[in-house]
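Novice: This is the structure, below, for whatever I ask next.
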Amino acid sequence: MNEIDKIKQDLELLDKEIETAEKEKNQLEGRIIQAKETLKNTYDIDTVEQGQKEIEILKKNVDDLKVKINTVYTKLKSEYLW
């Protein structure tokens, strides 16, 4: 195999790798679009900032519920024999 043929073969291999990478990129972009649509439709979130705010709100809700559960549990534990 001469030098020119080797260069052609290398270029064809690179071309196939580029095509594969472009297909993967397109698939990932499609998944991102779908995830954004899901966030919009389910949670009315359009931006990362809105998503972060929603996460903080949900974390606070979880913390509040933990406190409430522990309070009720402690009360029940003191009122009833286990």
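Novice: Among the candidates ASP46, ASP63, single out the residue that is acidic (Asp, Glu) and modelled with pLDDT of 95 or more. Can you show your working first?
Specialist: Values: ASP46 fails: modelled with pLDDT of 95 or more.
Among ASP46, ASP63, only ASP63 is acidic (Asp, Glu) and modelled with pLDDT of 95 or more.
Novice: Scan segment 66-82 for residues that are modelled with pLDDT under 95 and either of a type in the set (Val, Ile, Thr) or outside any helix (DSSP H, G or I) (or both) and jot them down.
Specialist: Correct list: THR74, TYR80, LEU81, TRP82.
The values are calculated or read from the model by the stated rules, or taken from the named source; none is laboratory data. What you see is a predicted model, and the numbers here were worked out from it, not measured in a lab.
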